[in-house]
Amino acid sequence: MSNHDSNISPISSKNLVDTAAANGSFHTLGKALEAAELTHVLSGSGPYTFFAPTDAAFDKLPKGMLENWLKPENKAELVSVLKYHLLPGRTTAMEVEKLTAPKMMQGQSATVKKEGDTLSIGGANITQRDIVSSNGVIHAIDTVIVPTKH
């Protein structure tokens, strides 16, 4: 199951947004980033570690949830959800394994677990590791992680 664990590619010239777009598995994420007006942040200097939900991850959300988040009046909630997938700094999968509950950019912590070869954050399994970009690194995840509401 570990398809990209050990090949860390050299730093890419593409930023996180362009790298995700080029990957082909993050079309829904791209729409969400645009709706949240976060593309400029993730195109900036960073560096960031982005636990990026794949299109399949967004498909697993309850019916209507994504559509609701994409409405302009729900932008703050969408921003909060997306920032819950971002960790300041460039953190490789090997470094993620050593974390227990990193504080995400959204402000809450997400629990990291390693069981066998499976690494997860916030209950989402990391399915593709260390997709390198010029301003950070992307780890693809199979579930959208939603912060708890206070």
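None of 52, 56, 101 is among the hydrophobic types (A, V, I, L, M, F, W, C), farther than 22 Å from residue 23 by Cβ and either out of contact with any His (no Cβ under 8 Å at 6 or more places or on another chain) or surrounded by 14 or more Cβ atoms within 10 Å (Cβ to Cβ) (or both) except 101.
Among the residues of the stretch 131-144, those identified as closer than 17 Å to residue 112 by Cβ and surrounded by fewer than 21 Cβ atoms within 10 Å (Cβ to Cβ) are 142, 143.
Name every residue in the stretch 74-95 that is assigned to a loop (DSSP other than H, G, I, E, B) and surrounded by fewer than 18 Cβ atoms within 10 Å (Cβ to Cβ), in order of residue number.
Filtering the stretch 74-95 for residues assigned to a loop (DSSP other than H, G, I, E, B) gives 84-85, 89-92.
Within the stretch 74-95, 89, 90, 92 meet the criteria.
Would you be able to say whether some residue in the stretch 47-54 is of a type in the set (S, T, N, Q), modelled with pLDDT of 95 or more and closer than 16 Å to residue 26 by Cβ? Yes: one or more hits. Residue 99 fulfils the conditions (1) over 19 Å from residue 148 (Cα atoms); (2) part of a helix (DSSP H, G or I) except for a single criterion, (2).
The values are calculated or read from the model by the stated rules, or taken from the named source; none is laboratory data. Keep in mind the model is a prediction, meaning the values are calculated, not measured. Note that each Cβ is placed from the backbone with ideal geometry, even for glycine, and that neighbours are counted across all protein chains shown.
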